[in-house]
1. Please list 268-281, 317-330 highest first by mean number of surrounding beta-carbon atoms within 10 Å per residue.
2. Based solely on C-alpha atoms, express the radius of gyration and the Dmax of segment 221-316 in angstrom.
3. If we count every other residue with Cβ under 14 angstrom of Phe264's Cβ, Lys/Arg +1 and Asp/Glu -1, where does the sum land?
4. Among 333-345, 76-88, how do they line up from the highest to the lowest mean number of other beta-carbon atoms within 10 Å?
5. Report the dimensions of segment 35-95 along its three principal axes from the alpha-carbon atoms, largest first, rounded to Å.
6. Quick one: helix 252-261 against the long Cα principal axis of the chain, what's the angle to the nearest 10°, folded into 0 to 90?
7. Sort segment 122-277 into rounded, prolate or oblate with this rule: let a ≥ b ≥ c be the square roots of the eigenvalues of the Cα gyration tensor; rounded if a/c is under 1.5, and if a/c is not under 1.5, prolate when a/b is larger than b/c, oblate otherwise.
8. When the helices in the chain are scored as -39500 (n - 2.57) per DSSP H run of 4 or longer and the sum is shared across all residues, what 222 nm value do you end up with, to the nearest 500 deg cm²/dmol?
Amino acid sequence: MSQSFDASRSLTAFEQDSTLVAVIEMSQSKWLVAAVIPGVERQPLKKLGANADALLKLLQRWQDEARKAGRTVRRIVCAYEAGRDGFWLARWLQARAIEAYVIHAASIAVSREHRRAKTDRIDTELLMRSFLGWLRGEKRHCSMVAIPTMAEEDARRPSRERESLVGEQTRIVNRIKAVLALFGIGGFNPRLRKAAQKLATLHTAEGTPLPENAHAELRRDLERLRLVHDQIHIIESERLRRLALAPAATTRPHAMVRLIARVFGVGIETADMLVNEALARKLRDRKAVARYAGLTGAPDESGKRRREKGLARAGNGRVRRGMIQLAWRFLIFQKDSRLVRWFRERTADGRSTTRKTMIVALARKLLIALWRLATTGEITEGLRLRPAGT
């Protein structure tokens, strides 16, 4: 990623007398902005339309209030929760010399009461308390999300769009098969190129042609399926074209994709997803890599109680799903690698529950191995690579 900082605490000294602190509770149509203004006893709370220019004017007005109170504001910091609006506002504010941070929503501690008051005003108070603690350098108040550049965000779009289209393709296929099952028809493959022609020859279990409305519905579904298939093919072709045109020495993400794709069992799609979602980020160490993918455990310990609740799932779901799928493929394509030998030693009992548990551990180790390969060039023992340029 473009930024490198400690997400758990601020590394800049917090001077309360010269720092204007603001937090924003965002919705689709309205923003609620709270602030702590140097020299001003009240803590203002202002509702705005979802407009960045109005927010900038409000911050400038509060800066003038601090000046009238005899304080000079040398630093303006803003924060809001990560959500639907993404990072555009943070980049927009940073371009105007305002420090902007995006708070990881799940890192803010909230009351565990079964029924608790929940309003935008209370949310801004929670945000302000957590953000002030983070600015003071105190750990565990909240965590910040690294703000990507627009280019880094755009690089993720093809892989995410393809994932969405593949899911849509599966839903269409399942819907076609479900409609045909209502008439006792099985064995029809909607993915075939000549599926539309074959549809006209189908007969129900009673020996009659498909009813008119059902036939029309299936024909439209097949047209939709063909469109989705073509769009997936366009995305894949465009990715290969960009990789071929990008100079290997000057574009770090493309070079990492090429390197990861050389590993037997890893395709271009998986390599592109891993690089743009995880490996191109400036992650601190192997623990941060595993934690970002949500492949770490979630222990539940209190008093004599000791149990494991499974995966934390607090990280990137795309990386986690992709790595678990890759770990199963790894057992086929990298049989002689140290990681696969480690997995087989620990699953020698043949129990399916053991294999399901240890495949997650293998996925974690494999992700760390790929991260080291992409960032330092370190190759895990026994890892087979395709020749360069293939």
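1. Details: 268-281: 22.6, 317-330: 19.4.
Sorting 268-281, 317-330 by mean packing, highest first, produces 268-281, 317-330.
2. Every Cα atom of segment 221-316 included, Rg and Dmax give 19.2, 60 Å.
3. Working: positive: Arg262, Arg329, Lys335, Arg384, Arg386; negative: Asp336.
Net of charged neighbours comes to +4.
4. On the way: 333-345: 15.7, 76-88: 17.8.
So the order, starting with the most tightly packed, is 76-88, 333-345.
5. 38, 23, 18
6. 30 degrees
7. Numbers: a/c = 3.81, a/b = 1.81, b/c = 2.11.
Taking the square roots of the gyration eigenvalues as a ≥ b ≥ c, segment 122-277 is oblate.
8. On the way: 12 runs with 186 residues, N = 390.
Computed mean residue ellipticity for the chain: -15500 deg cm²/dmol.
The values are calculated or read from the model by the stated rules, or taken from the named source; none is laboratory data. Every value quoted in this text rests on a predicted model; they were computed, and no experiment measured them. When we count neighbours, we look across all protein chains shown, and the Cβ atoms used for this are built from the backbone with ideal geometry, even at glycine. For accessibility, only protein heavy atoms count, side chains too; no ligands or nucleic acids. Shrake-Rupley method; radii C 1.70, N 1.55, O 1.52, S 1.80 Å.
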